[in-house]
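Contents: one structure, followed by commentary.
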Amino acid sequence: MMVGVAGAKLDEALEAETSGLVSRAVELDRNDAIVLARVAFVQARLVRDLGIAASYSERAHSLNPNLPLAWAVSGWVKVWLGEAETGIEHFSRAIRLSPLAAEALLGLVGKAHAYFMAERSEEAWSTAVAATQEFQSATAYRIAAASAAVAGHRDEAAKYMALFLRLDPDRCVSNLADVLGPYQRSEDIERYKRGMRLAGLPE
């Protein structure tokens, strides 16, 4: 199973330990697409080294182009790098390959983020709604609230904001970046903040 997408950044000691463990995993079997995909996600989401993550995820789906996990991980990496349209393509492929796999379903959450960052607000909103039907998670409710607000669905935005705050009651605009992914572009973080602010997240 993939690591969740809502974790915070590691402290330096834990980051170093995590990097060592994932490097060891790759050394043990660098031809296992599943291992490489999982390592890529950890490198991106927890260690926040998107360069290595991109390399591992690309190798994973070159080794096994039919592995939904590899395409879902690659989708997240692309979104965090600011390549939202490519992220949409990768998430779509993960979902097509295995619509019922846990990784592909989690790809719905990623695809909603990719649409949101690509400024395709209505598609972000509809995809986020589908994601919340599969995952009642803070991450799914968060993107549903932000995309609904930006798309102009204020009542729906308020509904999903309430669901989000039930799971993450201490979240506000000022500490929102603490739970977002390792976005490389400041404008992506600001876009997320704007959407959450419009949805009613306290400052």
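The values are calculated or read from the model by the stated rules, or taken from the named source; none is laboratory data. Just so you know, these numbers come straight off a predicted model, no measurement behind them. When we count neighbours, we look across all protein chains shown, and the Cβ atoms used for this are built from the backbone with ideal geometry, even at glycine. Only protein heavy atoms, including side chains, enter the accessible area calculation; ligands, DNA and RNA are left aside. Shrake-Rupley method; radii C 1.70, N 1.55, O 1.52, S 1.80 Å.
Being modelled with pLDDT under 90, surrounded by fewer than 24 Cβ atoms within 10 Å (Cβ to Cβ) and of a type outside the set (A, V, I, L, M, F, W, C) is true of residue 98. Summed over the stretch 141-199, residues that are of a type outside the set (A, V, I, L, M, F, W, C), within 15 Å of residue 113 (Cα to Cα) and not in a helix (DSSP H, G or I) total 5. Among the residues here, residue 36 does not qualify as farther than 22 Å from residue 177 by Cβ, touching a residue at least 60 places away in the same chain (Cβ under 8 Å) and touching a Lys or Arg at 6+ places or on another chain (Cβ under 8 Å).
Regarding the stretch 115-126, can at least one residue be identified that is open to solvent by 30 Å² or more (accessible area, probe 1.4 Å), assigned to a helix (DSSP H, G or I) and either closer than 27 Å to residue 51 by Cβ or in contact (Cβ under 8 Å) with a residue 40 or more places away in the chain (or both)?
No, the stretch 115-126 has no match at all.
Specify the residue that is least open to solvent (accessible area, probe 1.4 Å); the eligible residues are those in the stretch 73-92 that are more than 16 Å from residue 182 (Cα to Cα) and in contact with a Gly (Cβ under 7 Å, 6 or more places away or on another chain). So the residue we want is 91.
Can you spot a residue in the stretch 188-202 that is more than 17 Å from the chain's Cα centre (by Cα), within 15 Å of residue 124 (Cβ to Cβ) and either polar (S, T, N, Q) or open to solvent by less than 70 Å² (accessible area, probe 1.4 Å) (or both)? Yes: one or more hits. In the condition set (1) among the aliphatic types (A, V, I, L, M); (2) at pLDDT below 80; (3) open to solvent by 40 Å² or more (accessible area, probe 1.4 Å), residue 63 is compliant with all but (2). In this structure, residue 44 does not satisfy being under 15 Å from the mean Cα position of the chain (by Cα), open to solvent by less than 10 Å² (accessible area, probe 1.4 Å), closer than 25 Å to residue 188 by Cβ and modelled with pLDDT of 90 or more.
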